1. Which log10 I(q)/I(0) values, to two decimals, does the stretch 134-271 give at q = 0.08, 0.10, 0.15, 0.21 Å⁻¹ under the Debye formula with one point per Cα?
2. Taking the convex hull of the alpha carbon atoms in the stretch 278-380, what volume per residue do you get, in Å³?
3. How long is the stretch 26-73 along each principal axis, judged by its Cα atoms, biggest number first, in Å?
4. For the stretch 216-285, compute Rg over Rh where Rg is the Cα radius of gyration and Rh is the Kirkwood radius from the inverse mean 1/r over Cα pairs.
5. Tell me, 413, 251, 243 in order of fewest to most beta-carbon neighbours within 10 Å?
6. Can you tell me the relative contact order of the chain? Whole percent, Cα pairs under 8 Å, sequence separation 6 or more.
7. In whole Å, what are the extents of the stretch 228-448 along the principal axes defined by its C-alpha atoms, from largest to smallest?
8. Relative contact order for the stretch 18-214 using alpha-carbon pairs under 8 Å, separation at least 6, rounded to a whole percent?
């Protein structure tokens, strides 16, 4: 008869101390919000400037509501920041890795250098049972490879476990999406990791938030699959806009009719300039690239056309503006309203608005850009463009106005008052965000992608969570 004692399962830390590796958009938001939820949190970054700014109460990017939450978290004494991985390894019971996975130079693949470095730096320092949790968007198979890497470099070997918890933040709504997400996904490889993650998200789970527990590969796939679906829906209605342009049909009326089908719905079925930002474009490209590596490239080959449709909308917008000013942009004064890829953000990564402004400039137009929050980032990306400090300064004496990002400041401006500032009352509504009837009544030549010149406006019902790109 065996006298061997059963293996004692590792203890669960009921109120874990947390580190968040990477204090960019995702990491800073996650660190601040977890402190708001009552956890002791240490934010970690190799960039001393970011750490100093956050420790001083300054959020180094624009996100509504986050500066106020940062102040509360710092005042509570639960949130601190450091550049020391030694301090992080000693402090944390759970470690969230939130570093970026940009598109690799010269390739559609995801650049995983920062993710690999973060896991390595942590793993080689941790000397007690802890859980490493990836939140970055990565190609499927990354977690399995990192599990092997962690076991090789850690003093604990395979006792140091890894899990994946994908993020679903929308810029402009990141605080709400972190504190009150529409779902949680846990990718785990052991019951202990599952139970420890439960404790790390206890306040959110206790709200009744849906929880999906998966294996590691599925958890990696959830985010890229979601982004691919959203990108496809956006590009679908923009593909229909191309058909409307060729036939005289109205894409707004088409989208409204489609939205009443409960199988389709109206969310993300808004035509216009298309998607951009730091997630959707690079994520669908990396997904297609990884699928090719896995031998299933044909399964997601449609994503290449989704990407192409999205880029064509930018070119078509330039064509529409060129046509409106008489066929030649040389020397024409164009007011570009918007630079960020969406409102309530200062993110100009792969921004359709800024891409259109650049193309107009390359054809000889005198382009003046104004964005309520993204001017500084836009200037760093395209220093040759001219930037105005106000909408009034941007549109004064313009030969044409292009609405490229649907900030409320642009949507609510009085059409007649705006008309008194410009040289010619011509406007291209790149986001189908304006009251077309109000502009035409005020004497404007109003154009929008996929919409006949004389068409009447029909609003597509949506809510504040619609048509915002992850």
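Derivation of every value follows stated rules applied to the coordinates shown; laboratory data play no part. All values reported here derive from a predicted model rather than from experimental measurement. Note that each Cβ is placed from the backbone with ideal geometry, even for glycine, and that neighbours are counted across all protein chains shown.
1. For the requested q values the scattering log ratios are -0.34, -0.49, -0.85, -1.22.
2. On the way: hull volume 11.1 nm³, N = 103.
Here the figure is 108 Å³ per residue.
3. 26, 22, 18
4. My calculation of the ratio gives 1.06.
5. Going from least to most buried by this count: 243, 413, 251.
6. 13 percent
7. 57, 40, 32
8. In percent, rounded to a whole number, it is 19.
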